[in-house]
Amino acid sequence: MNRQESKYFNTASLMDEALLLLLEKKDYDRITVKEVCEKAGVNRTTFYLHYENMNDLLEETIGMINERFKKSLSSIPAGDPSREILTSEKYLRPYLGFIKENMRAYRVIHQKDHLFNSQKTFDSFYQSIFSPALTHHGVTEGEKKYVFAFYTQGTVAIIGKWLEDDCRDDIDMIIDLIMRHTMAYGRDQK
């Protein structure tokens, strides 16, 4: 990456973080380009060199968060059976650790789910992570969409409460809750 590209990505990162900070305090619809620029320490011209509008920035910010999340899972090899989310603490621990490290961003995502379209993110992970785990547990193709919805919505609810409490409870406790309550279906099928 040359110096110009590095500067471009650094500026984009500043604007991503500025948007997340502003989303903590006000509704997306009320955030202006001017406010993002002031928070990021850039001028409006720079904003428009990067984006056509605020929706472009929002889309990039979501992508940045998703990339950070994917990188947090890189310690688990793709072929490792423990990568199956429904069967392993090895997946939940880095996932929850990432959420705790990025608590501010995830709190905004959880509170403003309609803006970040979290279900689309879950759907993108479905084929690579969830579907093989459900197959491993003997869940039929016809049942998969329902079990997937139950698992993701239950997990999101637990994590949402954890975020509301500033992730104060121990990660081991949260892992235990998720495994006991949202994964009971998979264990009962064996």
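Which entries of Lys70/Lys90; Lys120/Lys144; Lys39/Lys71 have Cα-Cα distances beyond 18 Å here?
Values: Lys70/Lys90 14 Å; Lys120/Lys144 16 Å; Lys39/Lys71 27 Å.
Those over the limit are Lys39/Lys71.
I need the GluC sites (Glu not before Pro) found in the stretch 31-71, filtered to DSSP loop residues with at most 13 other beta carbons within 10 Å of theirs.
Within the stretch 31-71, the qualifying GluC sites (Glu not before Pro) (loop, at most 13 other Cβ atoms within 10 Å) are Glu52.
Just need the relative contact order of the stretch 1-61 here, percent rounded to a whole number, with Cα pairs under 8 Å and 6+ apart.
39 percent
I need the calculated FRET efficiency for the pair Asn43 and Thr140, taking r as the beta carbon distance and R₀ as 45 Å, to the nearest 0.05. Write out the running numbers ahead of the final one.
On the way: r = 56 Å, r/R0 = 1.25.
Approximately 0.20, to the nearest 0.05.
Which of the aspartates and glutamates could a cross-linker bridge to Lys112, judged by Cα under 13 Å and excluding same-chain residues fewer than eight apart?
Answer for Lys112, where 13 Å is the Cα cut-off: Glu24, Asp27, Asp29, listed by chain and number.
Since every read-out is calculated from the coordinates, none of them should be taken as a lab result. These figures come from a predicted structure and were not determined experimentally. Here the Cβ is made from the backbone with ideal geometry for all residues, glycine too, and neighbour counts use every protein chain on show.
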